[in-house]
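Undergrad: Structure incoming, see below.
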Number of protein chains: 2
Amino acid sequence: MCTKCDYTIHSHHHHFGWDNSIEPAGRIAPGTTVEFECVDSSGGQLTAKSTAADIATLSFDKINPVTGPIFVDGAEPGDALKITIEEFKPSGFGWTANIPGFGLLADDFKDPALNIWSYDKGSMEPALFGKNARVPLKAFAGTIGNALAEPGLHSVVPPRRVGGNLDIRDLSAGTVLYLPVEVAGALFSVGDTHAAQGDGEVCGTAIESPMNAVLTFELEKQANLAMPRFTTPGPVTRHLDAKGYEVTTGVGADLMAGAKAAVSQMVDLLAGRYNIAPVEAYMLCSVCGDLRISEIVDMPNWVVSFYFPRCVFE
Amino acid sequence: MCTKCDYTIHSHHHHFGWDNSIEPAGRIAPGTTVEFECVDSSGGQLTAKSTAADIATLSFDKINPVTGPIFVDGAEPGDALKITIEEFKPSGFGWTANIPGFGLLADDFKDPALNIWSYDKGSMEPALFGKNARVPLKAFAGTIGNALAEPGLHSVVPPRRVGGNLDIRDLSAGTVLYLPVEVAGALFSVGDTHAAQGDGEVCGTAIESPMNAVLTFELEKQANLAMPRFTTPGPVTRHLDAKGYEVTTGVGADLMAGAKAAVSQMVDLLAGRYNIAPVEAYMLCSVCGDLRISEIVDMPNWVVSFYFPRCVFE
C-alpha cells in the first residue's frame, strides 16, 4: 500500500507502444502523487524458473508494457510535465538477458542467455551474480514518457523527445524529470523498471524487475523544452565508485565503433581475469558498467571509455 | 624539486607532433620514476595577460608540445607500457579558450573567447570562474602516449591506439595507464596538462595549465593491447558530485548529434539561469561537465546525456 499516494494505477492498465488514442487509465490534477504498478519488460513472460531457452520463444508483441496513460489536467503542447520521482518499491526478482539481434555487440553474441536475479528488496544490498560478483543496486524506470502528437501506434523501443524508453540510470528516487508535452493531458505512462543498469545498457537489458513507482506530477507551462532534462538531488555513482574502476577505451573517428571497441575489450578483460563466460561478462557490463565520452573534439578521433566498477569483484 | 624521481626531463625537451625518428631525451630502465616539465598546450603563447584577441593570432605550429620522448629499455612492439601516474605539480595558472573552428559546437561559437584562471596550486580549492562559479580541480595529462610505428611526422591533435591526445579526465594521480607499444623503446612523451576538464572537453580546451608530471614506467611484455586501458584507485567524480547534477539529453539516431543537442541545451540552461554569456557557459561545460551515453541499444534512437555538477553554482 502506498502511504503518500493520492492514486494508484494498477498493472492491468498497461499498454504496448505509444498511441495518443488510448483511453486514459486516470485523470489527475497537477500536484497529485500517483503509484504505478509496473510489469517487467517481458510482460510477465519470464519468471524465476525461466531459462535461456525461453528467450528464444519470447513474444515481442508483449515486450515492454507501460502502465498508464494518465491525463494531467491543464497539460498542453509546449508545456513540460515535471515528474518528481518519489520512490520505487522493488519486487526482489529480476532477469538480464542477451536477446539475439539486440544489444551493442549483437554481432558477437548471437546465442540467447539469461541470468535470473534474486535480491533483497528491503536492504537493496548488492546482488550476487555467478559465484562472486556483487552488483550494486539502484532502482529506476527505464521507460517513462508522454504520448506523441503523431497519431497511430508507435513502437515502445526507441526513446523520443517526449521520453519513453530513455533507459537513463539516474531516473531514480529523488530525481526530478522534465518531459515535453505534445498532446492535451500529456498522457503519461511508465514501466520497464530496473533494479540496476549501467550507462549504455550495453547488452540491451538491465536487471529487469517488476516494481511499483511513486511519482508526483506538476506542470511548467510553455517551457518549450526540446528534449527531456532532469535534476539529481545528489551524487549518482557513489553506490558503484568506492574502489575505483577498470577502464577500456575505443579511439577512433566513429563514436559507435568506439563504444563497441571499449565494451568488447572489457568483456575480454573480465572473462579472462575472472574465468567467466564472455556472455556473462557482457551481461555484467550492461548492469553496472558505464559508457562515457572522454573527448569529442580532437579531430578526427574521439575517445569513448567504458568504466567497470571494481567493487563488483573486490 | 622532485623527491621521488630518478630522472627529470626538462621542458626544453619538447616536440611538436609524433615522429619515431625524434632523438630520445633520455633512456631509462623499467621501474624508473621520471618527472616531466610540461609546457601548456599553447606552447607558452598564452599568459596571464592574454586576451581573446591573442586567440586569433595563435601559431598552430606551436600547439600542444609534449615533453620527451623517453626510451624505455626492453620495450618492444606488442608490449604494453605501464605508467603509474604518481603526482602532478600544478603551476596555479591556466586558460580556457574557444578557438574558432575547434570544439563540439564550433558551428554555433565562431568568435574567439578566452578565460584566464588563477588557482591555488597548494590547496587545489575550486577555482573561481566569472563572478560566482567555482570549478573543482583535478590535475591530469591531456596528452600521454607512445610513438607510432608509422614513419614520419603525425599531428598531435588526434589520439590513437598508442595514446596521445586522449584527454581522459581520470588520467590523474593514482591511476595506472597501459599503452600499446609500437616501436622499440616505446618513445613515450607527455604534455597538455590540465587543471580540470569534464568528460568530452566539449569546447575543445580544458583548464590548460603548465605543470610537472611524475610518472613511473614498467613493462608488460606481449600484452597485445588493442587500445589504451587504465585502472583508477578510487572514485573519479567525488570532487564534482556532492550536490548532484543538472542533466540535458540528446535523443536520436546519431551519437554525435545527440552530444551536440545535449551540450547546446545545457549552454542555454546555464546562460539563462545564471545570466552569463553563452560562450562562457560553453567553456564552463568543457571544464566540468560530463558527456555520458545513457543508452546505446534502443534502436534506432540513442540517448547522450550531459551532466553539469550543481556544486559549481550552489
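Undergrad: Sort out which residues of the range B:272-314 are of a type in the set (Gly, Ala, Ser) and more than 24 Å from residue B:94 (Cβ to Cβ), and write them in order of number.
TA: Selection gives B:272, B:294, B:305.
Undergrad: Kindly establish whether residue A:59 is among the polar types (S, T, N, Q), open to solvent by less than 70 Å² (accessible area, probe 1.4 Å) and in the same structural domain as residue A:75 (by TED's automatic domain parsing).
TA: Spelling it out, residue A:59 is indeed among the polar types (S, T, N, Q), open to solvent by less than 70 Å² (accessible area, probe 1.4 Å) and in the same structural domain as residue A:75 (by TED's automatic domain parsing).
Undergrad: Residues B:261, B:213, B:253: which one is facing chain A (nearest Cβ under 7 Å) and at pLDDT 95 or above?
TA: Among B:261, B:213, B:253, only B:261 is facing chain A (nearest Cβ under 7 Å) and at pLDDT 95 or above.
Undergrad: Which ones in the range A:223-250 are among the small types (Gly, Ala, Ser) and facing another protein chain (nearest Cβ under 7 Å)?
TA: Scanning the range A:223-250 gives A:226, A:234, A:242, A:244, A:250.
Undergrad: Where the second residue is assigned to a loop (DSSP other than H, G, I, E, B) and the first is charged (D, E, K, R) and lies in the range A:198-219, which pairs have Cβ atoms under 7 Å and are six or more apart or on separate chains?
TA: A:199/A:169; A:201/A:167; A:201/B:297; A:208/A:40; A:208/A:41; A:208/A:42; A:218/A:30; A:218/A:31
Undergrad: Determine whether residue A:143 is within 14 Å of chain B (Cβ to nearest Cβ), touching a Gly at 6+ places or on another chain (Cβ under 6 Å) and hydroxyl-bearing (Ser, Thr, Tyr).
TA: So residue A:143 fits the description; yes.
Undergrad: Being within 19 Å of residue B:258 (Cβ to Cβ) and open to solvent by 10 Å² or more (accessible area, probe 1.4 Å) is the filter; apply it to the range A:265-314 and report the residue that is nearest to the other protein chains (Cβ to nearest Cβ).
TA: A:301
Undergrad: Just wondering, is there one or more residues in the range A:4-14 that are charged (D, E, K, R) and in contact with a strand residue (DSSP E or B) (Cβ under 6 Å, 6 or more places away or on another chain)?
TA: Checked against the condition, which is being charged (D, E, K, R) and in contact with a strand residue (DSSP E or B) (Cβ under 6 Å, 6 or more places away or on another chain), the range A:4-14 yields at least one hit.
Undergrad: Would you point out which residue out of B:128, B:114 is outside any loop (DSSP other than H, G, I, E, B) and open to solvent by 40 Å² or more (accessible area, probe 1.4 Å)?
TA: Just a single option satisfies the conditions, and that option is B:128.
Undergrad: Now a separate question. Among B:225, B:240, which is touching a residue at least 60 places away in the same chain (Cβ under 8 Å) and open to solvent by 10 Å² or more (accessible area, probe 1.4 Å)?
TA: Only one candidate passes the filter, namely B:225.
Undergrad: Just one of the numbered conditions (1) more than 27 Å from residue A:143 (Cβ to Cβ); (2) open to solvent by less than 20 Å² (accessible area, probe 1.4 Å); (3) of a type outside the set (Ser, Thr, Tyr); (4) part of a helix (DSSP H, G or I) is not true of residue B:234; which one?
TA: The single condition residue B:234 does not satisfy is (4).
Undergrad: Still on this structure, I have one more. Which residue pairs have Cβ atoms under 6 Å apart, sit 6 or more places apart or on different chains, and have a first residue in the range B:156-180 that is within 7 Å of chain A (Cβ to nearest Cβ) and a second that is open to solvent by less than 10 Å² (accessible area, probe 1.4 Å) and of a type in the set (Gly, Ala, Ser)?
TA: As it stands, the answer is B:167/B:142; B:168/A:294, since those pairs meet every condition given.
Undergrad: What number of residues in the range B:194-210 are facing another protein chain (nearest Cβ under 8 Å) and out of contact with any helix residue (DSSP H, G or I) (no Cβ under 9 Å at 6 or more places or on another chain)?
TA: Within the range B:194-210, residues that are facing another protein chain (nearest Cβ under 8 Å) and out of contact with any helix residue (DSSP H, G or I) (no Cβ under 9 Å at 6 or more places or on another chain) number 1.
Undergrad: While we're looking at this one, here's another question. The conditions are (1) under 21 Å from the mean Cα position of the chain (by Cα); (2) more than 26 Å from residue A:176 (Cα to Cα), and residue A:291 fails exactly one of them. Which is it?
TA: Residue A:291 satisfies all of (1) under 21 Å from the mean Cα position of the chain (by Cα); (2) more than 26 Å from residue A:176 (Cα to Cα) except (2).
The values are calculated or read from the model by the stated rules, or taken from the named source; none is laboratory data. Here the structure is a predicted model, which is why all the values come from computation and not from measurement. Neighbour counts run over all protein chains shown; Cβ positions are idealised from the backbone, glycine included. The protein model used for the area step is the full one, side chains on, heavy atoms only, and it has no ligands, DNA or RNA in it. Shrake-Rupley method; radii C 1.70, N 1.55, O 1.52, S 1.80 Å.
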